[in-house]
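Data block below; observations after.
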Amino acid sequence: MYDLLIKGGMVLDGTGAPWTIADVAVNGDKIVAIGNLHGQGAIRTIDATGLCVTPGFIDIHSHSDVAVLVNPRAESKIRQGVTTEVVGQCGSSPAPITPRSLEMGRQAAAEYGLEITWTDMAGYARAVTDKGTSVNVVPIVGHSMIRGAVMGMERRGPTAEELGTMMQLVDAAMRDGARGMSSGLIYPPSSYADVDEIAALAGVVARYDGIYMTHMRNESEGLLESIDEALAVGRRAGVRVQISHHKAVGRPNWGLPAKSLPMLEAARRDGIDVTADQYPYIASSTGLSSVIPAWAHEGGTGKMIERINDPATAERLRAEIIDSQTKRGGQWSDLFVASVSVEADKQWEGKTIQEIADARGVDPIDAVFDLLRSGQYVGQVRFGMCEEDVKTIMRHPLVMVGSDGSCLAPYGVLGKGKPHPRNYGTFVRVLGKYVRQEGNLELPEAVRKMTSLPASRMRLLDRGLLRPGLVADIAVFDPATVGERATFVDPHQYAEGVHYVIVGGQPTIWGGEHTGATNGKVLVSRGPA
């Protein structure tokens with residue numbers, strides 16, 4: 001008698017091989033048999049006739065660090081078939097927390113009314129475990145938090161002593177189970193680091209067979225140079241490299257993936273273990289403060305506001321912002337406000353910067369300054385990529401799927417604003433739009449990019465495939481209806497077509513509804529290589 005029997009589905013094992021009709025049996029948290037299991041009994045049975053049965057999807061680029069503590073049900077992701085989230089991206093992670101970096105950590109948590117009760121990766125893992133989670137969580141440590149813990153928001157190179165302390169913090173995080181380090185080289189204080197600093201820290205990561213994941217320094221006119229920098233870190237540190245959310249931003253830079261992707265291929269021929277991930281949209285999303293040049297963030301948010309308010313400095317900022325916009329070929333009508341935390345500014349959510357400027361009778365840059373003067377976090381969505389580049393990157397065998405989003409929900413504190421629909425739709429958008437409707441990918445290859453490929457990158461050797469003996473993280477969806485419902489206008493809408501999701505053998509989505517199960521685990525690494 002099996003605990004769970006999934007009968008007669010189109011089984012895609014995650015390798016990229018074509019589907020086969022088979023039954024999948026689960027006992028406890030493991031897959032125990034795959035094949036013709038006709039006549040076998042089970043406590044629970046799923047009739048998967050006409051449905052795809054795949055490994056649970058692994059979101060290799062997630063920002064759910066805090067969200068899983070706010071709402072452990074992980075609604076927007078688990079309902080897409082995502083069973084594992086890799087968190088700590090773009091240089092930002094929940095730990096380490098020291099007196100110098102406490103404010104950085106508090107800002108991330110305060111947005112959700114969450115209190116920080118930990119200081120290190122082990123403490124964060126305990127907090128997630130104690131709270132429970134519907135998805136597995138894979139932690140990596142962020143360079144901004146490492147640098148901020150030692151140097152705060154100072155815009156300079158580290159002393160030898162400071163670099164040594166940062167290396168010790170990376171080592172501690174890796175010993176606590178982090179599976180790598182991320183950088184956010186457009187975000188202060190990570191942006192204040194040079195390649196020597198990053199390579200030194202990545203060398204510590206390499207000792208643990210960890211991975212270096214990078215939001216590169218430039219994803220527009222400096223895209224190719226930024227890839228060179230990432231590859232230099234891989235070469236010098238002997239570390240595996242992941243290019244985060246690979247794209248080419250700004251009309252003048254469209255077509256650059258035709259050059260950037262061969263760079264990754266050439267690097268691999270030279271022995272650098274590099275891959276990339278991508279979200280399937282032509283719009284990006286980050287904080288509006290990223291519009292402000294990195295030097296103006298030195299000293300923190302308060303200092304940035306002082307510079308905005310100083311007429312002479314504001315003029316310098318204005319000139320640099322205009323130059324940056326010009327290089328990206330962007331218009332202020334391409335950028336809209338996704339979320340704000342100040343009640344008086346809620347009226348601007350969903351409005352473009354140009355619309356806000358027109359309504360207030362000011363210049364668009366003054367509209368940006370006005371939104372940031374309060375010190376609030378302002379989320380933005382910017383349209384800047386083209387469909388052909390998205391499709392080109394998606395087809396490349398070295399590229400996997402990553403949302404660059406969080407576990408949200410249409411209710412509670414996670415249901416505010418108009419966030420990027422990628423939070424609700426990344427994986428099902430690939431399956432619906434780019435596989436079924438447009439044929440940009442074959443279904444088995446799309447599943448590989450969501451399962452075994454990210455599993456291998458993160459050294460998750462017990463999942464990412466459907467094999468007897470592996471953990472039973474499983475998604476069951478209808479290939480004829482799977483797709484996204486979230487839009488930029490109305491983003492808080494769950495995916496459709498995903499009927500069952502199993503996490504560690506436990507039914508978490510059953511008949512399209514959340515069971516309330518929180519069977520996910522924090523998947524820490526096992527120590528030095």
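Full extension of the chain between residue 131 and residue 1 yields a length gain of 43.6 nm, computed as 0.36 nm times the residue separation minus the alpha carbon distance. Taking packing as the residue-averaged number of other Cβ atoms within 10 angstrom, the listed peptides 134-144, 293-303 run from highest to lowest as 134-144, 293-303. Residues whose amide H comes within less than 5 Å of that of residue 522, counting only those at least five positions distant or on another chain, are 137 (H built at 1.01 Å from N in the peptide plane).
Under a point-charge model restricted to the Cβ atoms of Lys and Arg (+1) and Asp and Glu (-1), what is the dipole moment magnitude of segment 162-282 relative to its Cα centre, in debye to the nearest 20? So the dipole magnitude of segment 162-282 works out to roughly 340 debye.
Can you figure out the FRET efficiency of residue 480 with residue 313, using R₀ = 41 Å and their beta-carbon distance, to the nearest 0.05? My answer for the efficiency is 0.10. The fraction of accessible area contributed by carbon and sulfur in the chain is 50 percent, rounded to a whole number (1.4 Å probe; ligands and nucleic acids excluded). The string of couplings for segment 287-302 from the Karplus curve (6.51, -1.76, 1.60, θ = phi - 60°) is x, 4, 5, 5, 5, 6, x, 4, 4, 6, 8, 4, x, x, 4, x Hz, one whole number per residue in order, with x for Gly and Pro.
Listed peptides 475-484, 15-24 appear in the order 475-484, 15-24 once ranked by packing, highest mean of other Cβ atoms within 10 Å at the front. Overall shape: oblate for segment 366-421, with the ratio a/c of the largest to smallest alpha carbon gyration tensor axis at 1.5 or above and b/c at least equal to a/b. When shorter helices are ignored and each DSSP H run of at least 4 residues is given -39500 (n - 2.57), the per-residue value for the chain at 222 nm works out to -9500 deg cm²/dmol.
Alpha carbon centre of segment 289-323 versus segment 34-53: separation in Å? Rounded to whole Å, the Cα centres lie 60 Å apart.
Around the Cα centre of segment 273-373, unit charges on the Cβ atoms of Lys, Arg, Asp and Glu (plus for the first two, minus for the last two) sum to a dipole of about 80 debye.
If you take every DSSP beta bridge fully contained in the chain, what fraction is antiparallel? Give it as a percent rounded to 5. Of those bridges, close to 55 percent are antiparallel.
In the full protein context, the chain carries 36 Å² of accessible surface per residue, based on a 1.4 Å probe and ignoring ligands, DNA and RNA. The residue list 372, 458, 332 was ranked by how far each Cα lies along the charge dipole of the chain toward its positive end, using unit charges on Cβ atoms, and 458 comes out on top.
Classification of segment 279-351 by its C-alpha gyration tensor yields an oblate form. The axis ratio a/c (a ≥ b ≥ c) is 1.5 or more, and b/c is at least a/b. Computed from phi, the 3J(HN,Hα) profile of segment 247-258 under the Karplus parametrisation 6.51, -1.76, 1.60 (θ = phi - 60°) reads 6, 10, 8, x, 3, x, 10, 4, x, 4, x, 5 Hz, with x in place of Gly and Pro.
Just how far, in whole angstrom, is segment 440-463 from segment 55-102 if you go by their alpha carbon centroids? Segment 55-102 and segment 440-463 have Cα centres spaced 19 Å from each other.
For the chain, the Cβ-based charge dipole about the Cα centre amounts to some 820 debye (Lys, Arg positive; Asp, Glu negative; other atoms uncharged). Extension gain, residue 225 to residue 282: 0.36 nm times the residue separation minus the Cα-Cα distance gives 18.3 nm.
Amide H contacts of residue 405: 63, each under 5 Å away and 5 or more positions distant or on a separate chain (H built 1.01 Å from N in the peptide plane; Pro and chain starts excluded).
Here each label is just a point 7 Å from Cα along the line to Cβ, and for residue 510 and residue 102 those points are 4.5 nm apart. On the basis of the beta-carbon distance and an R0 of 45 Å, residue 156 and residue 437 show a calculated FRET efficiency of 0.35.
The values are calculated or read from the model by the stated rules, or taken from the named source; none is laboratory data. A quick note: this is a predicted structure, and the numbers were derived from the prediction, not measured. Note: ideal-geometry Cβ built from the backbone for every residue, glycine included; neighbour counts use all protein chains shown. These accessible areas exclude ligands, DNA and RNA; they are computed on the full protein's heavy atoms, side chains included. Shrake-Rupley method; radii C 1.70, N 1.55, O 1.52, S 1.80 Å.
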